[in-house]
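Quick note: the coordinates plus some simple rules give every number you see, no bench work behind them. Model, not experiment: these values are computed from the prediction. As a convention, Cβ positions derive from the backbone with ideal geometry for all residues, glycine included, and neighbour counts pool all protein chains shown.
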């Protein structure tokens, strides 16, 4: 069962952090970084699945994805930097402070894998798993996707002018997203190197950790070029990339949330447990005896 603690980010936002505590803990804690199309509660079943294997699991939400307060004009400047420097950073610091003797495993869904290295506290990450994460940069997409993005960017500009935020629920496309986040997304699409034309990749290069990347065939929104471009920034990581056939997704649409919404998700989720328990994923921060201790 989970319990929630309220914490404050450095800029004063009150953020709810949910902790799923296992009956018997191992020496690791998992922090789940949210994808844009997911709510914090959407990870509950997955978090409970992981906790049954002995992992305390932490979930949190980026401002604006679960709170309408952050969507209005008065909060229009809430952008990707706030998600990374404030919200994600706070969650990682919370894990470090509340589980000081445990290694931190960051499970980054979608955008979380892209912005992870912006957070100063990313240096505390000992292992990392990325699900459907690639670099936001239009030139890395196929031509037909670039054409769709071109139309989408014009629509975003128009909607932000009228609403101050992206009203995804109203137009039945994506979800409600803060205006600043969408402006950043458009800017990264237009940039030669995506977010790395704005932010340095210093922390990305410092992560000398095991990293598992999971992606699926047939997802034109996250093509192989975009995944490779992002993984290249984690230049010191020991990377295993599993590019899986979309047949594993059962009847679920093949989008970035498919890993969590598949008809029989346990078949996919077991891959993570197997990797975490394998010697290939062991980062050496703890010796073997400590790693296996209850």
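Looking at the calculated P(r) for the range 1-76, what percent of the C-alpha pair distances fall above 20 Å?
36
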Would you mind getting me the FRET efficiency between residue 69 and residue 278? Use the beta-carbon distance for r and R0 = 51 Å, nearest 0.05. 0.75
How long is the gain from residue 41 to residue 146 if the chain were fully straight, where each residue apart is worth 0.36 nm and the alpha carbon distance is subtracted? 34.6 nm
Run lengths n ≥ 4 of DSSP H only: what is the helix-derived mean residue ellipticity at 222 nm for the chain, with -39500 (n - 2.57) per run over all residues, to the nearest 500? -9000 deg cm²/dmol
Shape call for the range 127-168, from the Cα gyration tensor axes a ≥ b ≥ c (a/c under 1.5 means rounded, otherwise prolate when a/b beats b/c, else oblate), comes out oblate
Which distance in nm do the two modelled labels at residue 172 and residue 139 give, with both placed 7 Å along the Cα-to-Cβ direction? 3.7
Could you work out the relative contact order of the range 54-161, using alpha carbon pairs under 8 angstrom and six or more residues apart, expressed as a whole percent? 21
Give the peptides 81-88, 95-102 in descending order of average Cβ contacts within 10 Å, highest first. 81-88, 95-102
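Relative contact order of the range 98-167, please, whole-number percent, based on alpha carbon pairs below 8 angstrom and at least 6 residues apart.
27
If each residue of separation counts as 0.36 nm, what is the full-extension length gain between residue 48 and residue 3 once their alpha-carbon separation is subtracted?
Values: separation 45, 0.36 × 45 = 16.20 nm, distance 1.21 nm.
The span from residue 48 to residue 3 would gain 15.0 nm if fully extended.
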Testing the spin-label approximation: label points 7 Å from Cα along Cα→Cβ at residue 232 and residue 246. State their distance in nm. 2.6
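May I ask you to give the average projected area over all directions of the convex hull of the Cα atoms of the range 89-183, in nm² rounded to one decimal? Don't skip to the end; give the middle numbers.
Values: hull surface 30.7 nm².
Dividing the Cα hull surface by four gives the mean projection, 7.7 nm².
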Taking the Cα centre of each part, how many Å lie between the range 1-37 and the range 135-158? 33
Give the Cα extents of the range 151-280 along the principal axes, in whole Å, largest first. 53, 39, 20
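State the volume of the convex hull built on the alpha-carbon positions of the chain, expressed per residue in Å³ and rounded to an integer.
Details: hull volume 35.7 nm³, N = 294.
Dividing the Cα hull volume of the chain by its residues yields 122 Å³.
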Residues in the range 147-173, backbone N under 19 Å from the label point at residue 190 (7 Å along the Cα-to-beta-carbon vector): list them, ranges by number please. 147-166
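Got a sec? How would 90, 9, 136 order by Cβ neighbour count within 10 Å, fewest to most?
Values: 90 21, 9 18, 136 24.
By the 10 Å Cβ count, ascending, the order reads 9, 90, 136.
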With contacts defined as alpha carbon pairs under 8 Å and 6 or more residues apart, what's the relative contact order of the chain in percent? 19
Cut-off 18 Å, label point 7 angstrom out along Cα-to-Cβ of residue 21: give me the residues of the range 89-111 whose amide nitrogen falls inside. 94-103
Can you give me the angle between helix 179-190 and the longest principal axis of the chain, using Cα atoms only, in degrees from 0 to 90, rounded to the nearest 10? 90
Helix 266-277 axis, angle to the chain major axis (alpha carbon atoms, nearest 10°): 60
